[in-house]
Amino acid sequence: MPLILDLSEVSDHDLPMVGGKAGKLGELIRQGLPIPPGFVLTTEAYRAFVEGTELRTLIPDVIGSLNLEQSESTEAASRKIREAFDRAEFPAALKEAVLPAYATFVRRHRVDFCAVRSSATAEDLEGASFAGLQDTYLNVAGEEQLVASIKRCWSSLFTPRVLVYRQKKGFNHLDVHLAVLVQKMVDSVVSGILFTRDPNTGENHMIVEAGWGLGEAIVGGEVTPDHYVVDGVTQKVVHKQISEQAVRVVRAEGGGNRREEVPADQRGRQKLSDHRLARLVSLARLIESHYRRPMDVEWCADADSLYIVQARPVTTIPTSTAPRTEPAATDAAGVESEAPLVRGFGASPGVASGVARILKGAEEMERIQAGEVLVTTMTTPDMVPAMSRAAAIVTDEGGMTCHAAIVSRELGVPCVVGTREATRKIADGASITVDGKTGQVFAGIRAAPKPAPGASATTPVHSGEGAPITATKIYVNVGVPEKADEYSRLPVSGVGLLRIEFIFTAHVREHPLALIKKGRRDELVKRLAEGIGKVCSAFNPRPVIIRTSDFKTNEYRGMPGGEEFEPVEENPMIGWRGCSRYISPVYRPAFQCELEAIHKVRTEMGLKNAMVMLPFVRNTWELEEIIEMMRAAGLKRSRDFQLYLMAEVPSIVFLAREFAKHCDGFSIGSNDLTQLVLGADRDSETLGRMGYFDERDPAVTTAIRMLIEGAHEAGRTVGICGQGPSVYPEFAEFLVREGIDSISLNADTVYGTIRTIASLEQRMKLHGVRAAQKAAQ
């Protein structure tokens, strides 16, 4: 084990070697957060120091005779051990490792002063934070101060309060070791703490406290800091209390700290500007998203930048008032167990239990039986049949807009994605419970089994509750035809999105060009028509908007027979997909089969409610060519046959009036539009955790506003079929205020979103009446 490690080289996985504080800060460096640079003396350095001095025998002897019930005994033991640390000399090998590392650190990062901070192996843990119990030394300069501060950090493992706290939490005194973190000192103008969840009530509010100078005055209770309360959903400041601060802690000349009076004109000022507060809240969201639990964050800021200097789990949220983040349950012995097996992103809400079935790929999907939990690295389009049988879905990879997330929401199946280690930590055949809201997976059966296919669910999406009438039309997204009968009983105006590729994967299950090559073209058309017809029949006469196939090359290549026809692309998200496929000589025969199937549904089945929507439209010239192909297939725009375009590529936004000449309306695909407006790959877990992928971003909402204005001027409708309106009420409010004509939702969010929209429309109507009354006065 090394004696020294650079902070950027460590992570949470290195806790036994670098301790909780250093491990978490190293982890956050890897996530792109602003952390002051540093290096770590590992627990091996601590062992080398103890083993090379009298402490090797002194510590066990003193601890062995310790009586924590007597404060005098505790204080005497602490004093004896700490004095031995102070007088012990660094062993030669340890000094030869530490001092050159310090010299390199000072030179590389232009360090004048550093912070020497304890990082224990029993620190910053869930249920035991050890917050502030071990020592930290600030504004340390020079080798002599560094060595003395390191030894004092090590000896702080044996202060009276640490000895008592460790005993209370059940840690063996001799099993706990201390790493030391040496970081570049930030010359703090303002500093403070942040809780991503209210530690007193458990409410979804961020609590921020800020004071002038170093944070020691706040931690020590010497000053009353500013207090800000930020709504955890909207990120808006809902309460702000500015306190007067007369004293602050700052760097002393030559090192160390000193107290000084705050200038009179600064004492009553807001310590953290609104801009910096928003930036800090954004960083905290990323930290909570990464660790998927409430976090206690320490931060500071110099004249130019904000820095995160510590992050640990919140351990004080009261269970009596805090909302539960996992299903209450007991194990086989009747003992409640709270620790999840794995955590990830909650991608589709609901709780389901079943036997875990680990699948390595689509070739194994026949192994999964109805009611089992599908666990895999990442789902692919050709795994939809297995997904529809599953009680729940868990993946190692992926974010909120990955394939597994989208399909599971449309299937109404609980799903957790991006766990990173589910296929490794969950045993095939083990009984598990998946909480798709909180993103946690637990051992054991904690929910009622999912009903077998065809049986009535205990909580169907059509729950029988009344739904208010809205001026905004509400549609539903349908993933697989088997759900059509159930979803048709929802209070919706029709189907806003029927993805034809899901019918390919659930009913055809082979690459279309491979089937055509085998002379099975008619079979392909028949299967497509049957799947489409099932949905159209269930919703007739309400419209069903069929989005023609939008497979990416990496998805199609994985289907049986796909490798022969699909190239390997570096970035399939912006590659050969959507309309560009239809006009290419290679794929044109397959697209013509899709058109023939839709024509068959409208003519032979008599289902005139089948409409068409084209995905990933880039140019008007490709659109014109596709319209000619549709006409040749008997699909011509008319009063009873509408053509819609997915608004996913910014070119449609800029040229909405030109595109409007060729269609009856637009449907915003918020996932792809966000991806292309912000340049943020929707499949990137890293960018997702960092907060880049957000359809509420001003650039995205500006694009949507432009599209609605352009389309309405041309007399065309605009809808949206992404998940944003059901996830973010403020986004739904924005769409309604901008005049969106329709919103298409996943089935499980229909009732809640209808109520949200109805309430908003009533408020808008009331505001309009009041404005008219004022104008008339």
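The values are calculated or read from the model by the stated rules, or taken from the named source; none is laboratory data. Worth saying up front: this structure is predicted, and the values here are computed from it rather than measured. Here the Cβ is made from the backbone with ideal geometry for all residues, glycine too, and neighbour counts use every protein chain on show. The accessibility values were calculated without ligands, DNA or RNA, using every heavy atom of the protein model including side chains. Shrake-Rupley method; radii C 1.70, N 1.55, O 1.52, S 1.80 Å.
Has the range 206-216 got at least one residue that is modelled with pLDDT under 80, outside any strand (DSSP E or B) and out of contact with any helix residue (DSSP H, G or I) (no Cβ under 6 Å at 6 or more places or on another chain)?
So far as the range 206-216 goes, yes, one or more of its residues are modelled with pLDDT under 80, outside any strand (DSSP E or B) and out of contact with any helix residue (DSSP H, G or I) (no Cβ under 6 Å at 6 or more places or on another chain).
Does Met573 count as of a type outside the set (Ser, Thr, Tyr), under 25 Å from Asp522 (Cβ atoms) and outside any loop (DSSP other than H, G, I, E, B)?
Criteria not met by Met573.
Among the residues of the range 683-708, which ones are free of Cβ contacts under 8 Å to residues at least 40 places away in the same chain and among the acidic types (Asp, Glu)?
Asp694, Glu695, Asp697
Can you name the residue in the range 64-99 that is loosely packed, with under 13 Cβ neighbours inside 10 Å, of a type in the set (Gly, Ala, Ser) and in a helix (DSSP H, G or I) and is also modelled with the lowest pLDDT among such residues?
The residue in question is Ser71.
Can you name every residue in the range 730-752 that is surrounded by fewer than 17 Cβ atoms within 10 Å (Cβ to Cβ) and in contact (Cβ under 8 Å) with a residue 60 or more places away in the chain?
Glu730
Of all residues being more than 27 Å from Ala93 (Cα to Cα) and without any contact (Cβ under 8 Å) to a residue 60 or more places away in the chain in the range 1-45, which is most open to solvent (accessible area, probe 1.4 Å)? Just the residue, please.
Ranking the candidates gives Arg30 first.
Answer with yes or no whether Phe551 is touching a Gly at 6+ places or on another chain (Cβ under 8 Å) and either touching a residue at least 24 places away in the same chain (Cβ under 8 Å) or within 29 Å of Pro491 (Cβ to Cβ) (or both).
When the stated conditions are applied, Phe551 does not pass them.
Look at Arg521 and say whether it is open to solvent by 10 Å² or more (accessible area, probe 1.4 Å), of a type in the set (D, E, K, R), farther than 24 Å from Leu643 by Cα and modelled with pLDDT under 90.
Answer is no for this residue.
Has the range 254-276 got any residue that is assigned to a strand (DSSP E or B) and polar (S, T, N, Q)?
The answer is yes, given that some residue of the range 254-276 is assigned to a strand (DSSP E or B) and polar (S, T, N, Q).
Output the residues belonging to the range 613-637 that are open to solvent by less than 10 Å² (accessible area, probe 1.4 Å), among the hydrophobic types (A, V, I, L, M, F, W, C) and either out of contact with any helix residue (DSSP H, G or I) (no Cβ under 7 Å at 6 or more places or on another chain) or closer than 26 Å to Leu673 by Cα (or both).
Matches in the range 613-637: Met613, Leu614, Phe616, Val617, Leu623, Ile626, Met630.
Of the residues Leu194, Leu181, Leu163, which is at pLDDT 90 or above, open to solvent by less than 20 Å² (accessible area, probe 1.4 Å) and in contact with a Ser or Thr (Cβ under 8 Å, 6 or more places away or on another chain)?
Checking each option against the conditions leaves just Leu181.
Within the range 572-582, does at least one residue satisfy the condition of being open to solvent by 60 Å² or more (accessible area, probe 1.4 Å) and free of Cβ contacts under 8 Å to residues at least 60 places away in the same chain?
No - not one qualifying residue is present in the range 572-582.
May I ask you to list the residues in the range 599-616 that are of a type in the set (Val, Ile, Thr) and either assigned to a helix (DSSP H, G or I) or modelled with pLDDT under 95 (or both)?
Val601, Thr603
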